[in-house]
Amino acid sequence: MFNLILFGPPGSGKGTQSEKLIAKYNFKHLSTGDLLRNEISKKTPLGLEAKKFMDKGQLVPDEVVIGMISSALDNNPNVVGFLFDGFPRTAAQAEALDKLLELKHQSINVMLALDVSEEELVKRLQKRGETSGRTDDNQQVIRTRILEYNRKTSPVSDYYRKSKKAVMVKGEGTIEEIFKGLTKEIDSRIHKK
Ligand code: ADP
């Protein structure tokens, strides 16, 4: 299996690039944002709890997302690999993920971090807010999401830097250019297992 984390701040293009990566490599896409929005649309207890945090731009509690990822791993036993998108978002989530994978004799192969300037991020998120229909794409909530990212999520890259799994990839340019940067890093690792 080849397991990768697509990392980056809100608006860095993780969703767009994930779609292209799963089409090319057949990874199982695990986006905690999508999984949570799915729970919300089904009005499950988990979804209703998560919505309170998401609408404010705050992170959903670790135990909620870790539980969700744990079930997703169990429910997908025969995949070529997982693409984690929007997870892990805290150091505690990163540690929990390593433990969950270890139980399955698996590990993370690489963390690809999309590098985008803060100015560009705000521009993209505001533009998306005009069309996405997402209730968390307004200015105040965007600001909180970026704060949460800087405070809790950016330390996650140190975690993978320590194990030499973190790789920075240019996140500005055309969608194709960024995609090329990502596939170059994957291709140089995927056959060397
Ligand atoms: P974006 O990356 O654009 O912020 P996501 O869809 O990844 O969008 O996340 C939307 C919201 O869902 C976050 O602001 C947060 O409230 C919640 N969320 C998603 N993934 C996680 C996670 N791993 N841990 C905690 N909260 C999460």
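Worth pointing out:
- A Cβ distance below 8 Å, combined with a sequence gap of six or more or placement on separate chains, defines the contacts here; from the range 160-186, residues that are of a type in the set (Lys, Arg) reach residues that are at pLDDT 95 or above and part of a loop (DSSP other than H, G, I, E, B) in the pairs 165/108; 165/109.
- All helices (runs of 4 or more DSSP H) inside the range 1-86 with 1 or more residues being of a type in the set (Phe, Trp, Tyr), surrounded by 13 or more Cβ atoms within 10 Å (Cβ to Cβ) and in contact (Cβ under 8 Å) with a residue 60 or more places away in the chain: 14-25
- All positions within the range 69-120 that are under 20 Å from residue 33 (Cβ atoms) and among the polar types (S, T, N, Q): 70, 71, 75, 76, 90, 93
- Members of the range 100-113 that are assigned to a loop (DSSP other than H, G, I, E, B) and in contact (Cβ under 8 Å) with a residue 24 or more places away in the chain: 104, 106, 107, 108, 109
Conditions (1) within 16 Å of residue 169 (Cβ to Cβ); (2) away from the ligand (no atom under 12 Å from the Cβ); (3) not β-branched (Val, Ile, Thr), marked per residue:
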| site | (1), (2), (3) |
| --- | --- |
| 14 | yes, no, yes |
| 22 | no, yes, no |
| 28 | no, yes, yes |
| 50 | no, no, yes |
| 58 | no, no, yes |
| 64 | no, no, no |
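- Residue within the range 67-87 that is touching an Asp or Glu at 6+ places or on another chain (Cβ under 7 Å) and within 13 Å of the ligand (Cβ to nearest atom) present: no
The values are calculated or read from the model by the stated rules, or taken from the named source; none is laboratory data. All of these numbers come straight from a predicted model, not from anything done at the bench. FYI the Cβ positions are ideal-geometry reconstructions off the backbone, even for glycines, and counts take in every protein chain you see.
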